[in-house]
1. Assess whether Ala315 counts as being in a strand (DSSP E or B) and of a type in the set (Gly, Ala, Ser).
2. Which pairs turn up if I take residues in the stretch 131-148 that are within 28 Å of Arg52 (Cα to Cα) and not assigned by TED's automatic domain parsing to the domain that holds Asp159 and look for partners that are of a type in the set (Val, Ile, Thr) and at pLDDT 95 or above with beta carbon separation below 9 Å, at least 6 apart in sequence or on another chain?
3. Looking at the stretch 333-344, can you tell me whether even one residue there is touching a Ser or Thr at 6+ places or on another chain (Cβ under 9 Å), modelled with pLDDT under 95 and either of a type in the set (Gly, Ala, Ser) or surrounded by fewer than 19 Cβ atoms within 10 Å (Cβ to Cβ) (or both)?
4. Let me confirm something: among Val400, Val405, Val410, Val395, which residue is more than 24 Å from Ser301 (Cβ to Cβ) and either in the same structural domain as Gly124 (by TED's automatic domain parsing) or surrounded by fewer than 21 Cβ atoms within 10 Å (Cβ to Cβ) (or both)?
5. Got at least one residue in the stretch 251-265 being under 20 Å from Gly149 (Cα atoms), in a helix (DSSP H, G or I) and of a type in the set (Ser, Thr, Tyr)?
6. May I ask you to list the residues in the stretch 368-401 that are touching a residue at least 40 places away in the same chain (Cβ under 8 Å) and of a type in the set (Asp, Glu)?
7. For Ser301, work out the one condition from (1) closer than 30 Å to Ala244 by Cβ; (2) touching a Ser or Thr at 6+ places or on another chain (Cβ under 8 Å); (3) crowded, with 18+ Cβ neighbours inside 10 Å it doesn't fulfil.
8. When you go through (1) of a type outside the set (Phe, Trp, Tyr); (2) at negative phi; (3) under 26 Å from the mean Cα position of the chain (by Cα) one by one for Asp397, which number turns out not to apply?
Amino acid sequence: MADPDDAPAAAPAIHAHMEYGDEMPHAHPPPAAAHAAAHEGGATRNISQLTRQTLALVLAGGRGERLKALTDWRAKPAVPFGGKFRIIDFTLSNCVNSGIRRIGIATQYKAQSLIRHVQRGWAGLDGRMGEFVELLPAQQRIHSSWYLGTADAVYQNLDILRRHAPRYVLVLAGDHVYKMDYGKMLAEHVARGADLTVGCVEVPRDHARALGVMAVDGEGAVASFLEKPAQPPALPGRPDRALASMGIYVFNAGFLYEQLVRDADAPGSSHDFGRDVIPHAVGRGYRVIAHDFRRSCVNMSEGIPYWRDVGTVDAFWEANMELTKVTPPLNLYDQDWPIWTYQEQLPPAKFVFDDEGRRGTAIDSLVSGGCIVSGSLVRRSLLFSNVRVHSFCTVEDAVVLPDVVMQRDVVVRRAVIDRECTLPSGTRIGVDPAQDRARFHLTERGIVLVTPEMLGQQVHHAR
């Protein structure tokens, strides 16, 4: 635990070469040099050693209120994405593909769908080799409260972390879509002698209000950190862009434990990494550096790293729609960095009838297993598993989640249809904004969200 005045005084070393009170300015190479050093001879072997010494903790307990009714019955990381995946699959796949095979998942809000998915799809790691994906529900292990914030979610599992004895802890948000080699971030963290490394990405400034925003100095050290500021500071010379936190943090394990205990005892803390722990570490002069996502992004498109915070209905719809492009910015077909998930055993998608005015067709669309498109047109849309589209329907620019049934003569445009909806014959969605607003949820951009409850269909039973 830190001294009462919390100056970065000497503490027991986590590594033989470093103590927290040491300044060692000569030992911190600049970002370019550290990046190059991490990729010189033996880099693959060294990164492999680092990932084996790392435990990843995925924070997956958030509700995701901005997704409206999509998260009424599931946590945001459990929301389906991309035709057959869940949002959390991207974070978990990044861990496994990076060589990190010790993973904890902290759950809280309406976690049953997430728990079921993880149990079915992520139970294949080899416990005999010390590999695991372990669910960590809020269970009042340390005090009588549920998880009070992101930092508290880790603090309440400190005994579990200590028992696994990692050298580094990788804290991850479970609700973003991206492909990243965490090993490269770990290598930079170690090469630069950091206490804490924060993954960062450039975003439009108006999007940064919902994220942590940082400023860095010429050496890549974090100079300031603001959580969800009303007026995000712009990048120098780029007034429309901001540098945002990805919710990805690498900690030296001992430094993390020290800061979590200090934060737990701090009066007035909200026990959140972005609001409390990181600003405190920056303000007290600890070695906090920023990791540029461009250095570790997998499958960059035209030099632009792909990272999406699908935290609103509009953003969720748009990120799914991007996948229907001829060359989407997110590559789901890369066999070298696959996205793993639970695969239901389903028959292939089927398209039937070839009559004039009644032809089963899908154009610029993703159609998953178990779907039947019967004498209808699907254009620029995603049909998740087991969707049935009966005859004379038109589906355009739509995200249709699993187990949806569209009866005859249905029109759906610019919409998200939640799972297990049955759209009666003659239903019109995305045609008349006034009617959509009266029955469903209509976003500012005109995207219609439809759930079974909005249709008067009882899928979830509260009593």
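The values are calculated or read from the model by the stated rules, or taken from the named source; none is laboratory data. All values derive from a computational prediction rather than experimental measurement. Positions of Cβ are backbone-derived with ideal geometry, glycine not excepted, and every protein chain shown enters the neighbour counts.
1. Answer is no for this residue.
2. none
3. Taking the stretch 333-344 first, the residues touching a Ser or Thr at 6+ places or on another chain (Cβ under 9 Å) are 337-341, 344.
Those left that are additionally modelled with pLDDT under 95: 344.
With either of a type in the set (Gly, Ala, Ser) or surrounded by fewer than 19 Cβ atoms within 10 Å (Cβ to Cβ) (or both) added as a condition, the list becomes 344.
Checking the stretch 333-344: at least one residue is touching a Ser or Thr at 6+ places or on another chain (Cβ under 9 Å), modelled with pLDDT under 95 and either of a type in the set (Gly, Ala, Ser) or surrounded by fewer than 19 Cβ atoms within 10 Å (Cβ to Cβ) (or both).
4. Testing whether each residue is more than 24 Å from Ser301 (Cβ to Cβ) and either in the same structural domain as Gly124 (by TED's automatic domain parsing) or surrounded by fewer than 21 Cβ atoms within 10 Å (Cβ to Cβ) (or both) leaves just Val405.
5. yes
6. Hit for the stretch 368-401 is Asp397, nothing else.
7. Among (1) closer than 30 Å to Ala244 by Cβ; (2) touching a Ser or Thr at 6+ places or on another chain (Cβ under 8 Å); (3) crowded, with 18+ Cβ neighbours inside 10 Å, the lone unmet condition for Ser301 is (3).
8. (2)
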